[in-house]
1. What lysines sit close enough to K358 to cross-link, taking a C-alpha to C-alpha distance under 20 Å and skipping anything fewer than 8 places away on the same chain?
2. Search the structure for amide H atoms under 5 Å from the amide H of A95, placed 1.01 Å from N in the peptide plane, and list their residues when 5 or more places away or on another chain.
3. From Cα pairs below 8 angstrom and at least 6 apart in sequence, can you work out the relative contact order of the chain, rounded to a whole percent?
4. Could you pull the accessible area for R89 with a 1.4 Å probe, rounded to 10 Å²?
5. In debye, nearest 20: dipole of the chain around its Cα centre with unit charges on the Cβ of K, R (+) and D, E (-)?
6. Could you tell me which label, among (i) 149; (ii) 161; (iii) 189, carries the value of volume of the Cα convex hull per residue in Å³ calculated for this structure?
7. Using the Cβ atoms and a cut-off under 14 Å, what net charge is assigned to the surroundings of F308, where Lys and Arg are +1 and Asp and Glu are -1?
8. What percent do you get for the relative contact order of the range 29-99 when only Cα pairs under 8 Å and 6+ apart count?
Amino acid sequence: MADLAALTDDVLAEILLCVSSLRDLARASASCSSFHRVASSPSFLRRFRPLHAPPPLGVFCCYPAGRGSTAGSQFHAALPPHSSAPLARAVAHSADFSFAFLPRPATDWLVRDSRDGRFLLDRARDGSTAFTEVAICDPLFRRYLRLPPIPDDLAASVENPYVQRGGDGDLQSRSSEIFLASRSDDSVSEEDPAFTVIWMACCRGKLVAFFYSSESQQWRVLSPPEHYALSTRRVMGVRLGQRNHAHGCFYWMVALTHRWLVLDTRKMEFSIIDISAVLSGRAMMFSNQITTVESSGGRTTVVVSDVFRPDKRCVLYFYGFMYFTDRWQLQNRVTLPEEWGYRFRGIIGAAEGYLFIKLEHPKENLNDQSEQHVEYFSLDVKTMQLESFCRTALLTVTEAYLYCGFPASLLLPSV
């Protein structure tokens, strides 16, 4: 180790940046104090993370209140033989996914989104289901930050918003949607990690949207497009919680149309996109029948799930585009296993070229409560190989978030 000790930290950092995986970095870091010192430094972590996308570690499920019980959430780690299982198990043991570090009572808080290792939670405030108390959380470091309320002059534009989740005015009911926007690692400082929060509501004949930047620490107005596709009847059917994301853009299906509502968070601009060419002839009953995946070179892959077929099979169609004005090219067509036709419940997320598919319990287990479960599988978009990811005994799930991340040793606090 004498020669290694003579190397400068800059040289050691260049050596460690060449390792091919997180597991190799962990082994190198544990091999000697010099590697560990460099691998745990903020400057190295900022260079290493963009080279290695956070792997999918599990599924975070939210479930509704039952008889005599309150609503809650659980993290379900990836299971062997999936390659993420060892890392997922370590993160599950070290993180506090119960969010017990938030102000009590913990049961008041509702998970609304997860992105970039952060979670966004809120709880009812002053009896309002639209304007809630919002907290950004880091479960690995057990830290949180409460956002300031939306100013009254902005809130005045929100009139009788439609319910987006829950109902009957209970503590889990929400008439607004609030979520985290992605940010590039280049925009994040080591001392003050940046984030952006989007708040949206569907009112009669219009959308209302605001965004909060941690850098400006202010809420600002987002101006949705004025388009006949956003008429009163159609706005009522826009499920803001059922959104897709790729390369800084969010996508929502507009009810009763073959159009997308798109929010480009790089420009903070809305637009309406006609996607009827790829949906024509296919019954689109649910928003999760269409999913977006980030592809290389800034391209976006769109996956359309054709599930209402006479042969009862589920077929996935893969399209690609660079710009919205491009003509979408059909890249692939994949027929899922025959027994999945009745079990398929949509795609819950995408990460690093993989789709994550939700399947209900097998038909043969319907009468055996102990055998009923929900399974999640990963589908490699390039090789079309399927692999079991994780499972849960929670049969009624209101929201399911794909969780991607690093262990605490490769992270800085995100809040």
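The values are calculated or read from the model by the stated rules, or taken from the named source; none is laboratory data. What you are looking at is a predicted structure, and each value in this text was computed from that prediction instead of being measured. Positions of Cβ are generated from backbone atoms using ideal geometry, with glycine treated the same way; all protein chains shown enter the neighbour counts. All accessible areas refer to the heavy atoms of the entire protein, side chains included, with ligands and DNA or RNA removed. Shrake-Rupley method; radii C 1.70, N 1.55, O 1.52, S 1.80 Å.
1. Result set, ordered by chain and number: K312, K382.
2. Here the answer is none, since no amide H 5 or more places off falls under 5 Å of that of A95.
3. 15 percent
4. Answer for R89: close to 120 Å² accessible.
5. Charge dipole of the chain: 820 debye, to the nearest 20.
6. Of the listed options (i) 149; (ii) 161; (iii) 189, (ii) comes from this structure.
7. +3
8. After rounding, I find 21 percent.
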